[in-house]
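Chemist: One structure follows; several queries about it will come next.
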Amino acid sequence: MPRAANDVIGKVGAQTRGVEKLLKRIGFRYADRIDPFDGGPHFTAPTDEITLVQRTRRARIAEIFAAGTAGAIKGLCAKELPVSPFIRIVMAEIRDLGERGVGIDADTAQYLDLKAGDEIVTLPLD
């Protein structure tokens, strides 16, 4: 191969350095492999070591509160569905209530047709 090609194989390009930084920040590492199609590096991580996975919580809704309630933070709220598309995810205001479960804002509860006691998946994005 030409030297110019060899010099870039396995290296992160200028356009994807931000992606590399993001992947490393959430737990991915260079896997000592290159992509056979574009020559870029492969990054991998055991699922349970990815910080976003670690922060994801499956819980029952313990309360539904008004938007803007103190202590609420922005996060993703997911409702699993029995038919396609199988999951619906929205940005929500959520509160971790420990052993009691989680709280979500009333707009999210209405949009996802949720009530107290329903099981959801949340990912805080604080």
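The values are calculated or read from the model by the stated rules, or taken from the named source; none is laboratory data. What you see is a predicted model; the values in this text were computed from it and never measured. Note that we place each Cβ from the backbone using ideal geometry, even for glycine, and neighbour counts take in every protein chain shown.
Chemist: Considering segment 22-40 alone, what residues qualify as being under 30 Å from residue 126 (Cβ atoms) and surrounded by 14 or more Cβ atoms within 10 Å (Cβ to Cβ)?
Modeler: Scanning segment 22-40 gives 23, 26, 27, 28, 30.
Chemist: Would you check which residues across segment 84-123 are in contact (Cβ under 8 Å) with a residue 12 or more places away in the chain and aromatic (Phe, Trp, Tyr) and list them?
Modeler: Answer for segment 84-123, where residues must be in contact (Cβ under 8 Å) with a residue 12 or more places away in the chain and aromatic (Phe, Trp, Tyr): just 111.
Chemist: A follow-up question, please. Go through segment 37-58 and give me each residue that's over 15 Å from residue 25 (Cα atoms) and in contact with a helix residue (DSSP H, G or I) (Cβ under 9 Å, 6 or more places away or on another chain).
Modeler: 39, 40, 41
Chemist: All but one of (1) under 30 Å from residue 117 (Cβ atoms); (2) in contact (Cβ under 8 Å) with a residue 24 or more places away in the chain hold for residue 41; state the number of the condition that does not hold.
Modeler: Condition not satisfied by residue 41: (1).
Chemist: Looking at residue 42 and the list (1) over 21 Å from the mean Cα position of the chain (by Cα); (2) not in a loop (DSSP other than H, G, I, E, B); (3) not assigned by TED's automatic domain parsing to the domain that holds residue 120, which single condition is not satisfied?
Modeler: With respect to (1) over 21 Å from the mean Cα position of the chain (by Cα); (2) not in a loop (DSSP other than H, G, I, E, B); (3) not assigned by TED's automatic domain parsing to the domain that holds residue 120, residue 42 is out only on (1).
Chemist: Within segment 72-95, work out how many residues are farther than 16 Å from residue 115 by Cα, surrounded by 11 or more Cβ atoms within 10 Å (Cβ to Cβ) and not hydrophobic (A, V, I, L, M, F, W, C).
Modeler: 2
Chemist: Tell me which of these residue 10 doesn't satisfy, since it passes every other one: (1) touching a Phe, Trp or Tyr at 6+ places or on another chain (Cβ under 9 Å); (2) within 30 Å of residue 120 (Cβ to Cβ); (3) at pLDDT below 95.
Modeler: (2)
Chemist: Sort through 62, 67, 106 and tell me the only one that's at pLDDT 95 or above, among the small types (Gly, Ala, Ser) and in contact with a helix residue (DSSP H, G or I) (Cβ under 9 Å, 6 or more places away or on another chain).
Modeler: Residue meeting the stated conditions: 62.
Chemist: Just to be sure I understand the filter: pairs with C-beta atoms under 6 Å, separated by 6 or more residues or on different chains, first member in segment 8-28 and within 14 Å of residue 40 (Cβ to Cβ), second member assigned to a helix (DSSP H, G or I). Which pairs pass?
Modeler: 12/20
Chemist: From 56, 51, 44, which residue is of a type in the set (S, T, N, Q), in contact with a strand residue (DSSP E or B) (Cβ under 9 Å, 6 or more places away or on another chain) and closer than 27 Å to residue 10 by Cβ?
Modeler: None of the others qualify; the one that does is 44.
Chemist: Within segment 4-21, can you find the residues that are assigned to a helix (DSSP H, G or I) and either surrounded by 10 or more Cβ atoms within 10 Å (Cβ to Cβ) or not aliphatic (A, V, I, L, M) (or both)?
Modeler: Scanning segment 4-21 gives 6, 7, 8, 15, 16, 17, 18, 19, 20, 21.
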